[in-house]
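Everything on this sheet refers to the single structure shown next.
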């Protein structure tokens, strides 16, 4: 018994010194002691207080397993955080738990944040809460929100948080396979035009409302890299020409990619 405790202490000390971790978690719900195993792993990761780089990928859809995200509450030194929770049937209630943990991870070190919640059941209200949870990360310079194929109609919830992220330079947004209203896309464009340090933008949308957004592109004055992905088969030639005109007004642009399919 004492030997086991010593062994556990030794591993705990090693974990405390760990600064980088990529964690892919794939467990079948049919596995023996499924929930117990998830809880044990979550407890083991509680000692990772010195982590600066953390990437976590889930491959299951049990609500209780999201409790593993509570380890974020102890990670005060993170500079890079990547959460990949796609294809998990995540609902608003489940994501709310994760956002609470992310909110408690407030620190001035976080510079890179990647949240992949594609193919879930996330709604407009939850998008707002998610964005609010990272709005206090003042030194965030790289942000990716992958929300493909959810229940989104309004994306205004991201606008206010973007305006307070004064150091944001790289932004990736994927709202494809949602039914986004044109007015909210316009509000996003207006918000981005006030992100004066933004130099790289990648944007997915599968509706012609992207042309509503495009008129704000010339106002993103420091943009150097631009990628627009439009999953729509009814784009007219006039619309394509208009989009090209907006892009040409970006004086500092050095790299562009416009995909319409």
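Read-outs: derived from the displayed coordinates by stated rules, not from any lab. Owing to the predicted nature of the structure, the values given are computational and were not obtained by experimental measurement. So basically every Cβ, Gly included, is an ideal-geometry build from the backbone, and we count neighbours across all protein chains shown.
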- Item | Gain in span if fully extended, residue 139 to residue 55, counting 0.36 nm per residue against the direct Cα distance | 28.4 nm
- Of the convex hull enclosing the alpha-carbon atoms of the stretch 173-261, the direction-averaged projected area in nm² is 5.0
- Item | Cα coordinate range in the stretch 117-179, projected on the principal axes (Å, largest first) | 30, 19, 14
- Task: Report the calculated FRET efficiency for residue 249 and residue 132 (r = Cβ-Cβ distance, R0 = 30 Å), to the nearest 0.05.
- Result: 0.40
- Query: Packing-wise, with mean Cβ within 10 Å as the measure, how do 244-253, 117-126 rank, highest first?
  - Reply: 117-126, 244-253
- Note on the structure: 1/(1 + (r/R0)^6) with r = Cβ-Cβ of residue 114 and residue 241, R0 = 45 Å, i.e. FRET efficiency to nearest 0.05, evaluates to 0.85
